[in-house]
Every structure is written in structure tokens, then in C-alpha cells.
Amino acid sequence: MDDPRGRLTKDGIRIHEAADFAGMHAAGRLAAEILDEVGALVEPGVTTEALDAYIEQRVAVAGAKSATIGYRGYQHASCISVNHVVCHGIPGPKVLKDGDILNIDVTVIVDGWYGDTSRMYVAGALPRKAERLIQVTHDALMLGTEAVRPGNTFGDIGHAIQSYVEAQRMSVVRDFCGHGLGRVFHAPPNVLHYGRPGTGPKLEEGMFFTIEPMVNLGRPETKVLADDWTAVTRDKSLSAQFEHSVGVTADGADIFTLSPAGRFWPTR
Ligand code: MF3
Ligand code: CO
Ligand code: CO
């Protein structure tokens, strides 16, 4: 889709104007509100398609659009990734059971701006190992956002995430990454969740992108199932993910997808 305002860096990364932050805040807020609300529905016995149905109607009630319905043939308003599913889990008749952990990922379009965010939820009681995984993944995302400021590089973000996760003896998924967004869903750059300090493109005020680390309790390798979407850990270990959409300001990150209810993690 055409995105005429602002300019592109030599790496093809769009530099947005100050006024564009308001559009991203509106989109990010709606996505975050929906994730706040859907948490009340997550419990043993519920299907992932029931959660998706709530999200789809909530997007419509807001007068917004789902970015995922119709995206490369995808037909749902969310991705719901349970236990060893790393990302892009397809909502369906699967019934949640006590102790299941799940990521719900929602992207909405409000007035042409994209808001993309995901969080972890638990059905029933949270197992101890899953709790550690989820906390580390959450903290890794927030450490990544703390590395966002003009003059730092994308490698600084990846390094902040990777060094923390690996010090906890968990692994960072390499096969999926964050992305630029704005008036498009996926734009340059690829935001890697691993890397070396000082490498990669320099961050500039006005860049909009997601940070969305996936962390595994076991090895980092993934594979995509025959449905062409569902990505799982090869070793079947548990996986977690959190995602924020952010903008670079003069001195840090403006997080567009903060939870209005303060329920990013724990989710309720
Ligand atoms: N929201 C996902 C992301 O973080 C993309 C989902 S694309 C879909 O980039 F088609 F699988 F929904
Ligand atoms: Co994303
Ligand atoms: Co997403």
C-alpha cells in the first residue's frame, strides 16, 4: 500500500512525521483494549475459535478493520498460539485445558494505521516452568524497548533481548522477527531479536516498528505445520511471545500498545 508522507532512509525505513504518532496511538490502543478484554474469556473449556470470534466482533464494533483477515489468505482476526506453538496458531475447535499457556496476537487498522500487539494468557493455574518462561519473555521485550533511542541500532535491541534470555538458559527464536509498520502491516526493517551491539540500521526519530520476541524453554528451532501457518518448536518445548508496536521519539520509545488497564502481564 502506498504511504506517501515522510521519507525513507537508505535502508528503506520510513521516517514518520510528529502528527503520525497520534494515528498509531489510536490503533495501538484499540488492539491493547481488545487484549485486555479477551483475558476475561480465557479459561479451561474454552475453544480458541471462541476467543477469535470475540476479537472479530469487537474490532467490528469499534468500526475498525482486522489486518489479518484476508492477509495472505489468513482468515481470522487473531493468531492464538498454545503451549509449544511459537506463533501464527490458527484459531479452531481446540479446547483449552488447565495449565495451557497461549499467546493472542491482534492487529487492527484504525484510520489506516496498524496496531499490532500480543500477550501471554493462561487457562486455569499457571505451571511454575511456564511462569518463568513468560516472565523472562516479557522482561526481554521490555529490555528491548529500553534500547530504543535515536543513535542506537537495531542490533542493540536484538542484543539486549538475546543476552538476557540466554543468561536465563532459554533460547531466542531466529525464524521470525519484528517488523516496521505504520500505514502498512509489514515494512522494513526486519527487527531481529538477537544481534550484536552497534550493528544494523541506526534508529531515528519517527521510525515505527514492532518488537515481538519469541522465547523457547528448549532449543530455538521451529517448523511450520502442513497448514502453512502454525509454527511450533521442533523439540516440542514451551514457547512464549510478547509484542509491542513502538515509535522512536527524541529520547526513547513511545509504546503504542500499552495496556490501558495495566494488564500486559500478568494478563488479569
Ligand atoms: N500479527 C502478526 C505479527 O506480529 C502477523 C500475523 S499474520 C497472520 O506480525 F496472517 F498470521 F495473521
Ligand atoms: Co507483528
Ligand atoms: Co502481531
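Where a number appears in this text, it was derived from the coordinates with a stated rule and is not lab data. Model, not experiment: these values are computed from the prediction. Cβ placement follows ideal geometry from the backbone for every residue including glycine, while neighbour counts extend to all protein chains displayed.
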Two pseudo-spin positions, 7 Å from Cα along C-beta at Glu17 and at Asp251, lie apart in nanometres by 2.6
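When only Cα pairs under 8 Å and 6 or more residues apart are kept, what is the percent relative contact order across the chain? Present the calculation step by step, with values, prior to reporting the outcome.
Numbers: 684 pairs, mean separation 63.7, N = 268.
Answer for the chain is 24 percent.
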With only helices counted (DSSP H, runs n ≥ 4, each -39500 (n - 2.57)), the per-residue ellipticity at 222 nm for the chain, to the nearest 500, works out to -8000 deg cm²/dmol
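Set the Förster radius R0 to 35 Å, insert the Cβ-Cβ distance between Glu166 and Arg263 as r into 1/(1 + (r/R0)^6), and round the FRET efficiency to 0.05.
On the way: r = 28 Å, r/R0 = 0.81.
Plugging the Cβ-Cβ distance into 1/(1 + (r/R0)^6) gives 0.80.
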dims of region 46-88, Cα set, principal axes, largest to smallest, nearest Å -> 34, 26, 11
Quick shape check on the chain: root eigenvalues a ≥ b ≥ c of the Cα gyration tensor, a/c under 1.5 is rounded, otherwise prolate if a/b tops b/c, else oblate, and it reads oblate
Computed on Cα atoms, Rg of region 82-175 relative to 2.2 N^0.38 Å comes out at 1.25
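Between Glu204 and Ala53, take the C-beta separation as r, use R0 = 51 Å, and let me know the FRET efficiency to the nearest 0.05.
On the way: r = 40 Å, r/R0 = 0.79.
According to the calculation, E is roughly 0.80.
Under the Kirkwood approximation applied to all pairs of distinct alpha-carbon atoms, what is the hydrodynamic radius of region 1-111 in Å?
Working: mean 1/r = 0.0645 Å⁻¹.
The Cα-based Kirkwood calculation yields 15.5 Å.
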dims of region 14-58, Cα set, principal axes, largest to smallest, nearest Å -> 46, 16, 15
Percent relative contact order for region 37-101, counting Cα pairs under 8 Å at least six residues apart, stands at 39
Across the chain, qualifying lysine pairs (alpha carbons under 30 Å, at least 8 places apart or different chains) come out at 12
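For Lys129 and Ala40, compute 0.36 nm times the residue count separating them, minus their Cα-Cα distance, and round to one decimal in nm. Walk me through the numbers on the way to the answer.
On the way: separation 89, 0.36 × 89 = 32.04 nm, distance 2.29 nm.
The Lys129-Ala40 span can extend by a further 29.7 nm.
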Given a Förster distance of 45 Å, the FRET efficiency implied by the Cβ-Cβ spacing of Asp235 and Ala26, rounded to the nearest 0.05, works out to 0.65
Computed over region 191-264, the relative contact order (Cα-Cα under 8 Å, seq sep at least six) in percent reads 30
Here the net charge surrounding Leu141, from other residues whose Cβ is less than 12 Å away from its Cβ (Lys, Arg +1; Asp, Glu -1), is -3
